[in-house]
Amino acid sequence: MYSSSPADPPLVREPLHAPVAHLIRGGVVEGIHYGSVVVLGSDGQVQFQLGDIEAAFYPRSALKPVQAVAMLRAGLPLDGDLLSLAAASHSGEERHLAGTRRILELAGLAEDDLRNVPDMPYDPAVRDTWVREGRLPSRLAQNCSGKHAAMLWTAKLNGWSLEDYLDPAHPLQQAIAEIVEDLTGQRVAQVTVDGCGAPLFSVSLHGLARAVARITTAAPGTPEARVADAMRSHAEMASGRGRDVAALMRAVPGLLAKDGFEGVQVAALPDGRAVAVKIADGANRARIPVAAAALARAGVDPGLLTEFAGEALLGGGEPVGCVRPVRALDPVPFTACA
């Protein structure tokens, strides 16, 4: 199903995105979200595609499960909730901060060793509480702190330097890049810096879907299976209370899902069916409805996906429309739209 050696990198070009969702208000298309969607069957073949699934793009935090696999392959001894946190874009709740502290303690390290960017918690309610309490941005609160703590521990276990663990030339980042290429099945097209300061590897949307499918179909006990098990069992540690990606994993049995900034969503089932979505303008409101429609295309029971049909658009405080996937993706919409 998968090649043993990575293919050439995807082309760096302007993606040929297509309409993937309509903003409907009062029966009129008020706006259009462009993007790309790929659906893989259990055999790894493309079952459905829309837009440009082969151009180079940045998966952002949707790549974190792959990064976590790379760290386990390099000897990171995490499982359960702390491994889920290592693959998280967390909300900055106290459990996330405590978990990150625990990873650092197990590694014999401290918060000052982290090199991610200090930030306020990602969750608006948690962030508002911080502001009221006069708390300042911190590296622990930043949504990637679990990943960074795990990176530090992985580096320490291998005898690699700690101060420059975010340098793309560092042995840790080179090891991660190798696993990105292994699981996506293609060479990395470009390397830049993610919002948290870690290296970010450019692959294709197709490659991202392949990678997550390989994680969910891996044999029990492998690094891939350990990551999938941890994230599914501790979905809110990988995200947060009330987050749509955690709700999606709870709603669909066996589903592994991960979101990323700029409108990225990936999800895969234990049999290898997988979907990946990129919303061109980065709009979060289109990400989940389009991903839900793609999962229905992959064969997931639409009845499990009704809560992910998208938030209603309001007019005068009353629902007057919605964000609806285009008919090519979703021939029979989950809900009617005014």
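Some notes on this structure:
- All strands (runs of 3 or more DSSP E) inside the stretch 16-93 with 1 or more residues being modelled with pLDDT under 95 and touching an Asp or Glu at 6+ places or on another chain (Cβ under 9 Å): 18-25
- The sole residue among ARG226, ARG285, ARG250 that is over 30 Å from ALA74 (Cβ atoms), basic (Lys, Arg) and out of contact with any strand residue (DSSP E or B) (no Cβ under 8 Å at 6 or more places or on another chain) is ARG250.
- Flag if ALA88 is of a type outside the set (Phe, Trp, Tyr), crowded, with 24+ Cβ neighbours inside 10 Å and under 30 Å from GLY197 (Cβ atoms): yes
- Residue match in the stretch 207-220 (condition: in contact (Cβ under 8 Å) with a residue 40 or more places away in the chain and within 30 Å of ILE24 (Cβ to Cβ)): yes
- Qualifying residues in the stretch 115-169 (those that are among the charged types (D, E, K, R) and part of a loop (DSSP other than H, G, I, E, B)) - the one least open to solvent (accessible area, probe 1.4 Å): ASP123
- Failed item, numbered, when ALA155 is tested on (1) without any contact (Cβ under 8 Å) to a residue 12 or more places away in the chain; (2) on the phi < 0 side of the Ramachandran plot; (3) small (Gly, Ala, Ser): (1)
- Restricting PRO19, PRO10 to residues that are under 20 Å from PHE201 (Cα atoms) and not acidic (Asp, Glu) narrows the list to PRO10.
- Elements of the type strands (runs of 3 or more DSSP E) sitting completely within the stretch 171-261 and holding at least 1 residues that are surrounded by fewer than 23 Cβ atoms within 10 Å (Cβ to Cβ) and on the phi > 0 side of the Ramachandran plot: there are none.
- Selected residue [without any contact (Cβ under 8 Å) to a residue 24 or more places away in the chain and among the β-branched types (Val, Ile, Thr)] from VAL29, VAL39: VAL29
- Odd one out for ARG297, checked against (1) under 15 Å from the mean Cα position of the chain (by Cα); (2) touching a residue at least 24 places away in the same chain (Cβ under 8 Å); (3) open to solvent by 50 Å² or more (accessible area, probe 1.4 Å): (1)
- Of the candidates LEU63, LEU83, LEU76, the single residue that is more than 17 Å from the chain's Cα centre (by Cα) and aliphatic (A, V, I, L, M) is LEU76.
- Condition met for LEU109 (in contact with a helix residue (DSSP H, G or I) (Cβ under 9 Å, 6 or more places away or on another chain) and surrounded by fewer than 23 Cβ atoms within 10 Å (Cβ to Cβ)): yes
- Test: ASP244 is free of Cβ contacts under 8 Å to residues at least 40 places away in the same chain and out of contact with any Cys (no Cβ under 9 Å at 6 or more places or on another chain): no
- Unique match (being over 25 Å from CYS196 (Cα atoms) and buried (at least 23 other Cβ atoms within 10 Å of the Cβ)) among ILE103, ILE53, ILE32: ILE53
- Residue check for ARG297: under 18 Å from LEU329 (Cβ atoms) and basic (Lys, Arg): yes
The values are calculated or read from the model by the stated rules, or taken from the named source; none is laboratory data. Because the structure is a prediction, the values reported are computed rather than measured. Heads up, the Cβs are rebuilt from the backbone with ideal geometry, glycines too, and the neighbour counts pull from every protein chain shown. These accessible areas exclude ligands, DNA and RNA; they are computed on the full protein's heavy atoms, side chains included. Shrake-Rupley method; radii C 1.70, N 1.55, O 1.52, S 1.80 Å.
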